[in-house]
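A short write-up of the structure that comes next.
Rule-based calculations on the coordinates, nothing more; no lab input. Just so you know, these numbers come straight off a predicted model, no measurement behind them. Counting neighbours? That spans all protein chains shown, and the Cβs are built from the backbone with ideal geometry, glycine included.
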Amino acid sequence: MKSVSLILLLTLGVFNVTVTQAQDPPAETYQPGYWQPVARFDTKRIVEVNIINQTDIPIEFDLTDIEAMNPQALQPEETGNLKGFGNSANIVIYPLVNDATEFNLRYKVNVDEDKNIVNVSVVKDKPSFLGHRSINLQKTGAIYLY
């Protein structure tokens, strides 16, 4: 037994143990791309969404939840409002025209943090832009465009 203790003491005595504290990694973890949220809202407060039609064509929007509501039409320069859906939603927006081959819709999002209102401006863009089809408000407060 003494030889085992002696071996342990000799082994431990050979190595110097240094204690270092873990360091925080640099705050450069953001990587641009579609997988990043375009904005955030406060999940601890009631959130509303304003859809602002800044195109020259009528559009329609709806929640993808079957029980939610019927599609709502917006004429050019009109604004629609969604509220009472909780803290997450999938919202689809699409043009009400027969031929949409010459343009795609683009959504521009900004959040009024004081009122917790998500403002979504809908504009027409060139066909070279793939276009947005839906807005996803997640339970984490992240807002994504698809």
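Computed quantities for the displayed model
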{"item": "Nonlocal amide H pairs with residue 55, under 5 Å, H built at 1.01 Å", "result": "77"}
{"item": "Descending Cα extents along the principal axes, the range 39-145, whole Å", "result": "41, 27, 21"}
{"item": "Length added when fully stretched, residue 64-residue 100, from 0.36 nm per residue minus Cα-Cα", "result": "10.8 nm"}
{"item": "Distance between the range 38-68 and the range 71-94 - C-alpha centres, whole angstrom", "result": "4"}
{"item": "Net charge, residue 118 excluded, C-beta distance under 9 Å - Lys, Arg +1, Asp, Glu -1", "result": "-2"}
{"item": "Nitroxide proxy distance, nm - points 7 Å out along Cα→Cβ at residue 43 and residue 56", "result": "4.3"}
{"item": "Cβ-derived FRET efficiency at R0 30 Å, residue 116 paired with residue 73, nearest 0.05", "result": "0.70"}
{"item": "Full-stretch length increase - residue 83, residue 133 - with 0.36 nm per residue and alpha-carbon distance subtracted", "result": "16.0 nm"}
